Amino acid sequence: MTTETTTPQSEKLPDAHPNDDNQIIAERRNKLAAIRKAGVAFPNDFNRTHLAGNLHDELGHMSHEDLEAAQLQVNVAGRMMLKRVMGKASFATLQDMSGRIQLFISNNEIGEEAHGAFKHYDLGDILGAAGVVFKTKTGELSVRVTQLRMLTKSLRPLPEKFHGLSDQEQKYRQRYLDLITNPDARSVFIKRTKIIQAIREFFIGEGYMEVETPMMHSIPGGASAKPFVTHHNALDMEMFLRIAPELYLKRLVVGGFEKVFEINRNFRNEGLSTRHNPEFTMLEFYEAYRDYKYLMNFTERLLREVAQKVLGTTQLTYQGRELDLSQPFHRLTMVQAIQKYHPQFTDEQLADREFVLAELQDLKAKHNPKDALGGLQLSLFEELSETLLFEPTFIIDYPVEVSPLARSSDANPAITERFELFILGRELANGFSELNDAEDQEARFDAQVMAKEAGDEEAMYKDADYIRALEYGLPPTAGEGIGIDRLIMMLTDCASIRDVILFPQMRAQA
């Protein structure tokens with residue numbers, strides 16, 4: 001039987017009167033006070049035996065007659081989301097972690113007094129119900145309630161039941177309400193858990209060891225980013241929240257753990273956008289005796305297997321556009337990517353530093369006018385081509401000056417064996433053959449220190465202990481980082497990173 005009903009007057013959200021909410025809360029507090037006087041207000045002795053979703057999966061195919069014959073006794077519990085009172089009989093819908101189940105409450109089964117108490121329950125209250133599973137005349141799986149208990153009194157009214165939260169900011173600030181009222185939001189975060197689990201299982205199946213590295217660093221390293229600064233009282237020293245685990249993971253490769261991965265939290269003191277949150281989840285992994293070309297093939301296989309395992313397909317739709325992960329990913333240099341969408345540029349022009357600088361100035365694009373040619377080419381690529389790379393595309397052969405941890409190419413020392421993977425017009429992964437020449441690494445760190453002293457807040461610090469580790473010998477190694485949040489955006493068709501982070505960072509409310 002359909003359970004959607006007119007919400008009782010006390011359940012409606014405030015429309016014209018700002019004090020209505022306070023009045024509703026006051027009414028509910030009075031009900032709670034009465035419950036306290038009658039006995040235990042928040043009991044914790046109800047034993048739930050069945051979940052709603054499991055009941056539908058296991059019994060949904062059974063007929064009314066078969067269910068009546070089975071007389072399956074169940075204890076269910078959850079939040080009351082719908083309520084329909086019809087004199088001597090009532091219907092309610094409970095929602096638990098697995099889904100929803102309908103309750104049938106009548107004088108005949110629980111008595112007039114208990115039924116009368118139920119009529120004063122409010123939407124949002126958490127109930128425990130014991131009874132027998134049956135199907136209504138309309139074929140809806142239900143529980144014929146023989147015992148009903150209030151387990152938790154809800155003091156605040158839920159958002160309007162047919163629409164849930166309409167204020168996007170409120171959804172992020174009060175995620176608990178979003179999850180209560182929005183099944184699509186719950187679905188995204190269930191998929192998030194399954195995606196991370198699938199990634200973990202993939203790496204373990206490939207022989208990798210999962211490790212944990214520090215989240216507070218005395219020297220922030222492994223990426224070009226502005227860190228969050230904190231203070232350790234006992235040690236009386238300044239520390240930094242991790243911007244990347246890279247240097248610690250490579251220390252482990254030096255130590256002999258030749259295939260390691262970490263699913264980690266990083267913190268970068270930068271802006272917020274639909275693609276950026278200052279606290280985010282990354283996958284980083286390193287494998288000895290591999291190079292960046294191997295990593296590109298490995299990454300294609302990883303993404304396909306995760307999509308297939310979680311979604312059952314590699315054919316995706318993102319914001320109305322089709323995305324096929326089964327096809328080979330494109331591979332382009334930065335110059336080739338610029339020319340693909342802007343063929344008016346010649347190789348000679350893009351190899352001319354002054355020309356590229358002038359183009360960036362004409363475009364009013366973000367850039368550092370002191371950069372060498374490679375840095376300026378990167379700025380031009382980011383301005384003109386990055387957002388157009390919807391199909392999976394590896395941008396390869398990054399300049400040395402923008403890749404301080406990557407190995408230089410033997411064929412062309414000005415570029416590195418590095419790639420970034422772009423999908424949906426945004427960076428998803430960054431990988432390279434690792435720089436394992438301790439002297440070269442120290443020189444590059446020194447160049448980063450000079451850039452920081454010149455005002456570049458995102459330039460890297462020099463990590464002397466990491467240099468010492470390299471001096472003991474890092475085998476030829478390939479390493480990569482993949483943005484988990486952006487990957488989940490792609491696999492769940494979410495336009496904003498805030499839609500895939502349970503509690504995204506927000507500006508403090510007054």
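Using each residue's phi in the stretch 479-494, evaluate 6.51 cos²θ - 1.76 cosθ + 1.60 at θ = phi - 60° and report the 3J(HN,Hα) Karplus result to the nearest Hz, with x for Gly and Pro.
Here the 3J(HN,Hα) series is x, 8, x, 10, x, 5, 4, 5, 4, 5, 4, 5, 7, 10, 6, 9 Hz.
Convert each backbone phi in the stretch 373-384 into a coupling constant with the Karplus relation 6.51 cos²θ - 1.76 cosθ + 1.60 (shift: θ = phi - 60°), then list the ³J(HN,Hα) values in order as whole Hz, x for Gly and Pro.
Karplus-based 3J(HN,Hα) across the stretch 373-384 equals 4, x, x, 5, 4, 4, 4, 5, 4, 5, 6, 9 Hz.
Please list 3J(HN,Hα) in residue order for the stretch 181-193, calculated via the Karplus relation 6.51 cos²θ - 1.76 cosθ + 1.60 where θ = phi - 60°; whole Hz, with x for glycine and proline.
Result, rounded to whole Hz: 9, 10, x, 5, 5, 4, 4, 4, 7, 5, 5, 4, 4.
Summing Lys, Arg as +1 and Asp, Glu as -1, what charge do residues with Cβ under 12 Å from the Cβ of residue 383 carry, residue 383 excluded?
Overall, the nearby charge balance is -2.
Indicate the gyration tensor shape class of the stretch 166-282 (rounded, prolate or oblate), computed on the Cα atoms with a ≥ b ≥ c the square roots of the eigenvalues: a/c under 1.5 is rounded; otherwise a/b larger than b/c is prolate and the rest oblate.
Numbers: a/c = 2.65, a/b = 1.29, b/c = 2.05.
It comes out oblate by the Cα gyration axes.
Can you compute log10 of I(q)/I(0) for the stretch 375-466 with the Debye formula, treating each Cα as one identical point scatterer, at q = 0.15 Å⁻¹?
Normalising to I(0) and taking log10 leaves -0.65.
What is the Cα radius of gyration of the stretch 444-510 over 2.2 N^0.38 Å, N being its residue count?
Numbers: Rg = 18.9 Å, N = 67, 2.2 N^0.38 = 10.9 Å.
For the stretch 444-510, the normalised Cα radius of gyration is 1.74.
Please identify the longest segment of the chain free of exposed chymotrypsin sites (Phe, Trp or Tyr not before Pro), where exposed means a DSSP state other than H, G, I, E or B and no more than 11 other Cβ atoms within 10 Å.
290-510
Which of the trypsin sites (Lys or Arg not before Pro) across the stretch 301-349 are loop residues per DSSP, with 12 or fewer other Cβ within 10 Å? Don't skip to the end; give the middle numbers.
Values: sites: 301, 304, 309, 321, 331, 340; in loops: none.
In loop regions of the stretch 301-349 (DSSP not H, G, I, E or B), there are no sparsely surrounded trypsin sites (Lys or Arg not before Pro).
What part of the accessible area of the stretch 341-462, given as a whole %, is carbon or sulfur when the probe is 1.4 angstrom?
Carbon plus sulfur share of accessible area: 49 percent.
Write out the trypsin sites (Lys or Arg not before Pro) in the stretch 96-198 meeting two conditions: DSSP loop, and at most 13 other Cβ atoms within 10 Å of their Cβ.
Sparse-neighbourhood loop trypsin sites (Lys or Arg not before Pro): 119, 137.
Within 11 Å, Cβ to Cβ, of residue 321, how many net charges do the neighbouring residues add up to if Lys/Arg are +1 and Asp/Glu are -1?
Summing Lys and Arg as +1 and Asp and Glu as -1 gives -4.
Net charge around residue 66, counting only other residues with Cβ within less than 14 Å of its Cβ (Lys, Arg = +1; Asp, Glu = -1)?
Spelling it out: positives minus negatives among the neighbours equals -2.
Around residue 407, which amide H atoms from residues at least 5 apart in sequence, or from another chain, sit under 5 Å from its own amide H, with H modelled in the peptide plane?
Distant-sequence amide H within range of residue 407: 417, 433, 434, 435.
Past 30 Å, Cα to Cα: identify those pairs from 250/366; 191/452; 83/171; 340/462; 293/452, in the order given.
250/366; 191/452; 340/462; 293/452
The values are calculated or read from the model by the stated rules, or taken from the named source; none is laboratory data. Since this is a predicted model, take the numbers as computed values, not measurements. Positions of Cβ are backbone-derived with ideal geometry, glycine not excepted, and every protein chain shown enters the neighbour counts. Note: accessible area is taken over every heavy atom of the protein model, side chains too, but ligands, DNA and RNA are not part of it. Shrake-Rupley method; radii C 1.70, N 1.55, O 1.52, S 1.80 Å.
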